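Okay, so here's the structure we're looking at.
The values are calculated or read from the model by the stated rules, or taken from the named source; none is laboratory data. These numbers come from a predicted model, not from an experiment. Cβ: placed from backbone, ideal geometry, glycine included. Neighbour counts: every protein chain shown. For accessibility, only protein heavy atoms count, side chains too; no ligands or nucleic acids. Shrake-Rupley method; radii C 1.70, N 1.55, O 1.52, S 1.80 Å.
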Amino acid sequence: MRLVILEDYDLASEWAAKYIRNRIIQFKPSAERYFTLGLPTGSTPYGCYQKLIEFYRSGDISFKYVKTFNMDEYVGLPRAHPESYHSYMWNNFFKHIDIDPANAHILDGNAEDLETECQAYEQKIAEAGGIELFVGGIGPDGHIAFNEPGSSLVSRTRVKTLAKDTIVANARFFGNDLNKVPTMALTVGVGTVMDAKEVMILITGAHKAFALYKAIEEGVNHMWTVSAFQQHPRTIFVCDEDATLELRVKTVKYFKGLLHVHNRLVDPVLSIKDQ
């Protein structure tokens with residue numbers, strides 16, 4: 001497990017975007033061999049997406065041969081609703097890059113049969129050859145995707161009832177009206193994300209500090225689902241200084257001492273112009 005500590009949100013976002021860029025370019029995707037990327041929504045990955053858009057516009061990366069699978073979607077929220085995750089992804093990322101819309105997969109929270117939709121999503125991931133890199137974020141209670149506290153650590157894509165804390169946290173996107181926040185979602189499972197060849201989790205802000213502590217300094221615990229990724233062979237946590245406030249001083253010192261090693265993953269930054 002790697003923990004990459006950057007000074008602030010912008011630097012953490014840039015490091016994550018450079019890492020995604022390098023992984024895609026190193027993979028050398030083609031029409032016969034797509035790079036498969038798992039993606040989150042929310043405020044944390046926004047900066048990373050903006051950087052990736054910059055890299056695309058400068059001609060350094062292409063998403064033509066990339067397939068994406070998003071983590072989750074609200075149940076019952078119209079796809080065109082400004083707070084649906086379909087809207088979030090298209091407005092903040094997909095419409096600004098050269099990805100084929102047919103290759104951008106997002107769960108359908110309005111499907112007639114939600115269970116069938118979840119099973120079909122797992123099948124699509126399998127047919128794509130599994131996910132090379134799954135990028136995720138977490139909630140203050142340590143949930144990844146909508147795998148709320150108490151979720152099975154071997155869970156698959158399914159319908160999930162949202163915890164009260166999650167509904168309260170998301171109310172800011174719905175005019176702070178709790179009655180407008182969806183109470184259910186479709187989400188990939190912890191096991192779905194664990195199946196990815198590599199996982200990168202973005203954690204920023206002091207309000208996520210206790211969750212980061214639970215994720216890396218204590219044991220694996222289904223009440224803090226992000227802790228499951230201690231057992232993944234290739235996990236990278238990317239965080240800012242504020243997110244480390246609950247960690248032991250020696251933990252922070254240890255991982256900061258490895259930053260020069262971790263920076264080799266993004267330096268040099270690769271470009272398709274050089275291929």
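Points to keep in mind about this one:
Here is a yes/no grid of residues against (1) touching a helix residue (DSSP H, G or I) at 6+ places or on another chain (Cβ under 6 Å); (2) not hydroxyl-bearing (Ser, Thr, Tyr):
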| residue | (1), (2) |
| --- | --- |
| GLU127 | no, yes |
| VAL135 | no, yes |
| GLY142 | yes, yes |
| GLU148 | no, yes |
| THR157 | yes, no |
| PHE173 | no, yes |
| LEU178 | yes, yes |
| PRO182 | no, yes |
| VAL190 | yes, yes |
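- One residue from SER87, SER62 being under 23 Å from ILE144 (Cβ atoms) and buried (at least 16 other Cβ atoms within 10 Å of the Cβ): SER87
- Scanning region 132-150 for residues that are crowded, with 24+ Cβ neighbours inside 10 Å and among the hydrophobic types (A, V, I, L, M, F, W, C), we see that the one that is farthest from GLU198 (Cα to Cα) is PHE146.
- The lone exception for GLU122 - which of (1) part of a helix (DSSP H, G or I); (2) modelled with pLDDT under 95 it fails: (2)
Listed here are the residues, each with its yes/no results for (1) touching a residue at least 60 places away in the same chain (Cβ under 8 Å); (2) within 29 Å of ALA17 (Cβ to Cβ); (3) open to solvent by less than 50 Å² (accessible area, probe 1.4 Å).
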{"residue": "VAL181", "(1), (2), (3)": "no, no, yes"}
{"residue": "MET184", "(1), (2), (3)": "yes, no, no"}
{"residue": "VAL190", "(1), (2), (3)": "no, yes, yes"}
{"residue": "LYS197", "(1), (2), (3)": "yes, yes, no"}
{"residue": "GLU217", "(1), (2), (3)": "no, yes, yes"}
{"residue": "HIS222", "(1), (2), (3)": "yes, no, no"}
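Conditions tested, residue by residue: (1) modelled with pLDDT of 95 or more; (2) open to solvent by 20 Å² or more (accessible area, probe 1.4 Å); (3) among the acidic types (Asp, Glu).
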| residue | (1), (2), (3) |
| --- | --- |
| LEU3 | yes, no, no |
| ALA17 | yes, no, no |
| GLY42 | no, yes, no |
| GLN50 | yes, yes, no |
| ALA80 | yes, yes, no |
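- Strands (runs of 3 or more DSSP E) contained entirely in region 25-91, each with at least 1 residues that are acidic (Asp, Glu) and touching a residue at least 24 places away in the same chain (Cβ under 8 Å): 72-74
- Members of region 163-179 found to be within 18 Å of the chain's Cα centre (by Cα) and open to solvent by 10 Å² or more (accessible area, probe 1.4 Å), listed by number: ALA169, ASN170
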